[in-house]
1. Between a first residue in the range A:62-83 that is modelled with pLDDT of 90 or more and a second residue that is assigned to a loop (DSSP other than H, G, I, E, B) and surrounded by 11 or more Cβ atoms within 10 Å (Cβ to Cβ), which pairs have beta carbons less than 6 Å apart while being 6 or more apart in sequence or on different chains?
2. Of the residues that sit in the range B:132-155 and are part of a loop (DSSP other than H, G, I, E, B) and free of Cβ contacts under 8 Å to residues at least 24 places away in the same chain, which one is nearest to the other protein chains (Cβ to nearest Cβ)?
3. What's the number of the only condition in (1) modelled with pLDDT under 95; (2) surrounded by 15 or more Cβ atoms within 10 Å (Cβ to Cβ) that B:Gly46 fails to meet?
4. Looking at the range B:201-209, can you tell me whether even one residue there is polar (S, T, N, Q) and either under 14 Å from the mean Cα position of the chain (by Cα) or crowded, with 21+ Cβ neighbours inside 10 Å (or both)?
5. Among the listed residues A:Ser107, A:Ser185, which satisfies the condition of being under 26 Å from B:Phe226 (Cα atoms) and of a type in the set (S, T, N, Q)?
6. With respect to B:Gln118, is the statement that it is of a type in the set (S, T, N, Q), touching a residue at least 60 places away in the same chain (Cβ under 8 Å) and within 30 Å of A:Val106 (Cα to Cα) true?
7. Check whether at least one residue in the range A:204-213 is outside any loop (DSSP other than H, G, I, E, B), at pLDDT 90 or above and farther than 24 Å from A:Leu251 by Cβ, and report yes or no.
8. Residue under question is B:Pro129, and the condition is that it be away from every other protein chain (no Cβ under 14 Å), surrounded by 22 or more Cβ atoms within 10 Å (Cβ to Cβ) and not in a strand (DSSP E or B); does it hold?
Amino acid sequence: MSDVPILVAEGVTKHYGARLGCRDVGFELWPGEVLAVVGESGSGKTTLLNCLSARLRPTTGSIRYRMRDGAMRDLYTLEEAERRRLMRTDWGFVHQNPADGLRMTVSAGANVGERLMALGERHYGHIRDTALSWLERVEVATDRIDDDPRGFSGGMRQRLQIARNLVTRPRLVFMDEPTGGLDVSVQARLLDLLRGLVGELGMAVVIVTHDLAVARLLSDRMLVMKDGRVVESGLTDRVLDDPHAPYTQLLVSSILQA
Amino acid sequence: MTAPAYNFAYLDEQTKRMIRRAILKAVAIPGYQVSFASREMPMPYGWGTGGVQVTAAVIGPDDVLKVIDQGADDTTNAVSIRAFFAKVADVATTTRTEEATIIQTRHRIPEAPLHEGQILVYQVPIPEPLRFLEPRETETRTLHALEEYGLVHVKLYEDIARHGHIATTYAYPVMVEGRYVMDPSPIPKFDNPKMDHSPALQLFGAGREKRIYAIPPYAQVVSLDFEDHPFEVQTFADPCALCGATGVYLDEVILDDRGGRMFVCSDTDYCEGRRGEAEA
């Protein structure tokens, strides 16, 4: 890990009119670190994620990101072109519903290759080779490269979405409930895959989940949110094994012990 | 008869000025789609309402008009638009490419080389080259503004993945002057190279979609492709069955219900011209 944070959030607050999305959230994210944001639904997790990923301008507060050239830049003062370039090269965003992150009407290969083509890759053979190697890495059968994701199972779609995001080797990936809606065995394999890729590529991840097991498996640190505020933060094992805030204690104790 | 109930070239002068302003802007920004207040025309959408409005805005009493539909001067669409302008603008009409000063076209560029001073007016059904992959207009405009054209290659990639080669044969996307990706309207890709550095002014009108765009004379027009799958035009095994021309775009004509067919020039003027020369 490097000694400068890759993402710094300070006092991030988002109001939807009179309603509160999230309030006064601040943290630093370090290169290669996985940060989980947990909490019940309606606690402001997704609002926070959207603010962090430059999709939703916060009402107040700042979010700064360290660009590849080392300069810290406020996301919401970037030009739109810069922000979009960031989103499709240096960042990834894995949606809970793969249909939101994939182009459902084009083949798996084109889904993986889209970012490369957006960056100016103009050699069909290279694009295809890269797509094949990524399908292999995310355990999608390579003979499905020309099928479109409508014919894929939920788990395959999610793996394809991950490949599509990681093909440009992003430094920061946002994930919104990446295992939501998948059955337990598929979830386990996906988590395994994600853990492997995160370790291998050394990317920083902000993962939103309501599933504490996912947070435990993947994350180094976590933020616990309730009613739009962060009620507790710390190393994942510390928070889960020795929760301080009453809400976190409630959350941890409400997990069914298998 | 008393004074006609309509203005010269059907549209009123204010409307023509509005369209000319859009055309000037389009010429100034090659390949950029300029929105304009498209009018109702006395013909259905899809029959060339955009082209007719552009022609009406640029035509003058001294112009000579040629109208083609799929290369032919004698099909319904071509005949009726030609008759329309003969009536409302009292202009001379022709079928000869060389003689025309304005050529309104649907789906073809004439075989005979165009020259300076000529205007080629295309009828365009769907002006947005990114439309089939990105349905949101707000998003396609952003993509154009930021030159994010990866999507066009996604479409070409799909072609190769499914068919082994770039199977898009018409409305083949082009890059104009290294800036805007443009839909050349549903002309066969055979005609794409003719757009590059053409001495004629090329204007595109989409009536239903309310867009005008243009390629000024001698502008660079490049058909998009992959390095390992370069752009290619269609080729034909046999020459035209009527005039013997090679290297031209041919139409297939079914002759009977027993499989008889012939391939003839799609450009009727070009074909007739060659046959006339052969007889003389």
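1. A:Arg66/A:Ile6; A:Arg73/A:Met67; A:Leu75/A:Ala54; A:Tyr76/A:Arg57; A:Ala81/B:Leu146; A:Arg83/A:Ala54
2. Applying the filter and picking the extreme gives B:Leu146.
3. All conditions are met except number (2).
4. Among the residues of the range B:201-209, at least one is polar (S, T, N, Q) and either under 14 Å from the mean Cα position of the chain (by Cα) or crowded, with 21+ Cβ neighbours inside 10 Å (or both), which makes the answer yes.
5. A:Ser107
6. Criteria not met by B:Gln118.
7. Checking the range A:204-213: at least one residue is outside any loop (DSSP other than H, G, I, E, B), at pLDDT 90 or above and farther than 24 Å from A:Leu251 by Cβ.
8. Criteria met by B:Pro129.
The values are calculated or read from the model by the stated rules, or taken from the named source; none is laboratory data. Computed from a predicted structure; not experimentally measured. Cβ coordinates were reconstructed from backbone atoms using ideal geometry, including for glycine residues, and neighbour counts include every protein chain displayed.
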